[in-house]
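**Student:** Here it is, the structure in full.
Nothing in this text is a laboratory measurement; each read-out follows from the coordinates by a stated rule. All values derive from a computational prediction rather than experimental measurement. Reconstructed Cβ throughout: ideal geometry from the backbone, glycine too, with neighbour counts over all protein chains shown.
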Amino acid sequence: MVSRRKLLAGLLGVTLAGLFAGLYSFFIEAGWWLRVQRWRVAVAGFGAVPLRIAMVADLHAGVPTMGPERIAGIVSKANGLGADLILLMGDYRATHPYQSRKVPIEEAAPILAGLRAPLGVYAIMGNHDWRDDPAAQARGKGPTHSQSVLESHGIAVLANRAVRLDSPAGPFWLAGLDSQAAFSRRMVPDRPGADDLPGTLAQCTDAAPVLLAAHEPDIFPQVPLRVVLTLAGHTHGGQIRLLGWAPVVPSRYGSRYAYGHHTEEGRQMVVSGGLGCSGFPLRFGMPPEITLVEIVGSGEVGQG
């Protein structure tokens, strides 16, 4: 039989362990840690020179975990990676209530405008950029306020738009998809998303390979083989991961596309773990990351 002293000691141990885990999740992983996660992916249509893409995903700017100083540190870190191209993957706003001060896009955008890469810096919108924009919700269409502010600071936003880029690895199309979860059902009940995959890919008018930037990874099963690589964010890798398993992932596919490099039926996707927090300002087993994708050539462009 367990004595009262041992029972109390056990309860104290569990309480202290929970307190430590909470403090670690908030102060260390969510508020301080920053890693660079690297993926090397072989795709069709590129030459022998690697193409390096840095993904800055899911900032969710707000004090204390993602204040202006931390955003500036992320910009400096991203600039030091030697990437050919930098992609801002959406969700610049923090909409959770656990903020001591909101950091509006007007404050974050001038800092993000300091990003530099030879092929440019491009952005897409996330669901929080749409959902936290009453005017865009009321219109049922963009541009969102976040898009307008980023563009006013010289950052090109690809909202269902494709651009052709020339790189040492060869020419390619960069296609940016708008959010697949843009609208609240209360405001726009007949459609959840602002995305237009067919219309976006129709702008890719030659045989150069296509890279698709999509905030939510749920589009992946619909992506044709014409797209050699999809890049996504949104999930935060689950934000809380226990031995590689995430109990909650904001995707209709559950943990299927929670994080990392995915290959299905000849298609490939890399999902970033992102930088900020949603729901609760905690991360555990999934530290904030800048995702660096190195693309190397692998034969001819697939058709589909």
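**Student:** Mind jotting down the distance between the C-alpha centroids of region 87-126 and region 194-212, whole Å?
**Tutor:** 24
**Student:** Another question about this same structure. Could you tell me which residue out of Pro104, Gly142, Ala117 lies farthest along the dipole of region 102-142 toward its positive end? Charges go on the beta carbon: Lys and Arg +1, Asp and Glu -1, centred on the Cα centre.
**Tutor:** Gly142
**Student:** Mind giving me the nanometre distance, one decimal, between the label points for Arg116 and Arg252, set 7 Å out from Cα along Cα→Cβ?
**Tutor:** 4.4
**Student:** While we're on this one: Amide H of Arg35: which non-local residues (sequence gap of 5 or more, or other chain) have their own amide H closer than 5 Å, using H built in the peptide plane?
**Tutor:** Close amide H contacts, sequence-distant or interchain: Glu289, Ile290.
**Student:** If each residue's Cβ is checked for other Cβ atoms within 10 Å, how do Tyr98, Tyr257, Tyr122 rank with the fewest at the top?
**Tutor:** On the way: Tyr98 14, Tyr257 24, Tyr122 21.
Sorted ascending by nearby Cβ count, the order is Tyr98, Tyr122, Tyr257.
**Student:** How far is helix 68-79 tilted, in degrees, relative to the longest principal axis of the Cα atoms in the chain, given as a value from 0 to 90 rounded to the nearest 10?
**Tutor:** Compared with the principal axis, the helix lies near 50 degrees.
**Student:** I need the Debye-formula profile for the chain: one equal scatterer per C-alpha, no solvent, reported as log10 I(q)/I(0) at q = 0.13, 0.14 1/Å, two decimals.
**Tutor:** Each listed q maps to, in turn, -0.87, -1.01.
**Student:** Can you tell which of Gly260, Gly199, Val249 lies farthest toward the positive end of the dipole of the chain, using +1 and -1 charges on the Cβ of basic and acidic side chains (Lys, Arg; Asp, Glu)?
**Tutor:** Of the candidates, Val249 comes out farthest on the positive side.
**Student:** Taking only the C-alpha atoms, wrap a convex hull around region 51-190 and report its volume per residue in Å³ as a whole number.
**Tutor:** Working: hull volume 14.1 nm³, N = 140.
Enclosed volume per residue, from the Cα hull, is 101 Å³.
**Student:** Could I ask something else about it? Mind listing the long-range amide H neighbours of Asp178? Cut-off is under 5 Å, sequence gap 5 or more, other chains count too, H placed in the peptide plane at 1.01 Å from N.
**Tutor:** Asn160, Asp196
**Student:** Still on this structure, I have one more. By counting other Cβ atoms within 10 Å of each Cβ, how are Glu289, Glu265 ranked from fewest to most? Working shown, then result.
**Tutor:** Numbers: Glu289 22, Glu265 7.
With the sparsest Cβ surroundings first, the list reads Glu265, Glu289.
**Student:** Something else about it: Looking at Val210, Gly233, Ser167, which one has the Cα that reaches farthest to the positive end of the dipole of region 163-244 (charges on Cβ: Lys, Arg +1; Asp, Glu -1)?
**Tutor:** Projecting each Cα onto the dipole axis, the largest value belongs to Gly233.
**Student:** Could you list His128, His236, His145 in order of exposure, starting from the residue whose Cβ has the fewest other Cβ atoms within 10 Å?
**Tutor:** In order of increasing Cβ crowding within 10 Å: His145, His128, His236.
**Student:** Given charges of +1 on the Cβ of Lys and Arg and -1 on the Cβ of Asp and Glu, with all other atoms neutral, how large is the dipole of the chain about its Cα centre, in debye to the nearest 20?
**Tutor:** 1140
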